[in-house]
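Contents: one structure, followed by commentary.
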Amino acid sequence: MSLDHYREHLDAVRLVDWASPPAVRSAVQPLFDLAVDDKDFLRALLTNTEHDPHLQAMCERYDFMDKVVAFDSDEGVRIRFHLFRPGYFDRPHNHRWPFGSVVLAGEYVHTIFGTPELAATPDNELTVLSESLLAAGTGYVMSADATHSVVAKADTVSFVVRGPAVRDRFLILDRAAGHSFHVYGNQFESEQTSAAKRMDPQVLHEVIHKIRTLTHSEGHRKL
C-alpha cells in the first residue's frame, strides 16, 4: 500500500495552522493512531524513504540515536522515525519548530520544564513541570518554545511529525558546562558538518530494518 492511500491525513498536517496547538493535536492524532495501529502505514513511510534519494540524504546518525526522514512537504512539514540506541539522553532544549511525537516501541522518560527564557536560566534552576514515563502508544504535542528533555531506553522508536520552522536556531542548556548554546538548522551548516551526520546507505538500510522489526511492520499485514 502506498502513501497515496493516506493522503487525506498527510494533507491535514501539511495545511494545519501549526501556531495553534489544539489544531495541531487534531491534525496529528489520526497519524499517531495510524502509526500505532496500522503497520501498512509504517511500511509505506519506510518504503518511501528507501525509494527517495532526497529523503535518504536527510537521514542522520548521531552518537546515540538515528533519524529517518520518511516524508518532507513543500510546506516544511516532515515525518521522521527516531531510533534510540543504548545510553541516549538529551539536555533541556527547545526547538525550531512545533511538533508531535508518539512512542511506537520501547519507552522513555519525558521531562517538561517551565521556563520560556532559556538563555537566562541555568540548567539546575529549571522548574520541572512534569516528568513521566512514556510507553508505546503514548503521544504528545509541543510548541517550538516548550522546553523538554528525553532519556530513552535502548531500541525505543518514536514517530515524529514536525511543523515548519519558526526560527533559525534552538537552544540547549548544558548542565555539565554550566552554560547554554544555540544550534542552527541544516541550511546554515557547512557541507562537512552535514556530511558527518548523513547516514551511510548501508547503515540506513540496517536502521530501517531494525525499525521495522521493533515496530512489527516487517511483513505483510494479516487480515
ask   = If we count other beta carbons within 10 Å of each Cβ, what is the order of HIS179, HIS9, fewest first?
value = HIS179, HIS9
message = Could you work out the relative contact order of the chain? I mean the mean sequence separation of Cα pairs under 8 Å and 6+ apart, divided by the number of residues, in percent.
response = 24 percent
remark   = Per the rule of 0.36 nm per residue minus the C-alpha distance, extending ALA12 to HIS179 adds in nm 56.2 nm
remark   = Taking ILE208, ILE172 and counting other beta carbon atoms within 10 angstrom, the fewest-first order is ILE172, ILE208
query = Based on the Cβ-Cβ distance from SER26 to HIS5, what FRET efficiency comes out when R0 is 22 Å, to the nearest 0.05?
reply = 0.60
note = Residue-ordered couplings for the stretch 10-16, obtained by feeding phi - 60° into the Karplus form 6.51 cos²θ - 1.76 cosθ + 1.60 and rounding to whole Hz (Gly and Pro as x), are 5, 5, 4, 7, 5, 9, 5
key: Over the chain: helical MRE at 222 nm, DSSP H runs n ≥ 4 each giving -39500 (n - 2.57), nearest 500   = -9000 deg cm²/dmol
key: Value of Rg to Rh for the stretch 5-55 (Rh from inverse mean 1/r over Cα pairs, i.e. Kirkwood)   = 1.03
query = Based on the Cβ-Cβ distance of ASP40 and ALA195, what FRET efficiency does E = 1/(1 + (r/R0)^6) give at R0 = 41 Å, to the nearest 0.05?
reply = 0.75
note = Subtracting the Cα-Cα distance of HIS216 and THR127 from 0.36 nm times their residue separation yields 28.3 nm
request  = Tell me which residues come under 5 Å, amide H to amide H, from ALA136 once H is placed; ignore anything under 5 positions away on its chain.
outcome  = GLY106
remark   = Here P(r) for the stretch 3-214, Cα-Cα distances in 10 Å bins, as whole percents, is 8, 34, 41, 16, 2
query = For ASP63, ASP155, what ranking results if the residue with the fewest other Cβ atoms within 10 Å of its Cβ goes first?
reply = ASP63, ASP155
key: the stretch 12-112 - Rg over Rh from alpha carbon coordinates, Kirkwood radius   = 0.94
request  = Specify the inter-centroid distance of the stretch 1-33 and the stretch 178-208, based on alpha-carbon positions, in whole Å.
outcome  = 26 Å
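A short reminder: the numbers here are calculations on the coordinates, not readings from a lab. All of these numbers come straight from a predicted model, not from anything done at the bench. Please note: Cβ atoms are built from the backbone with ideal geometry, for glycine as well, and neighbour counts cover all protein chains shown.
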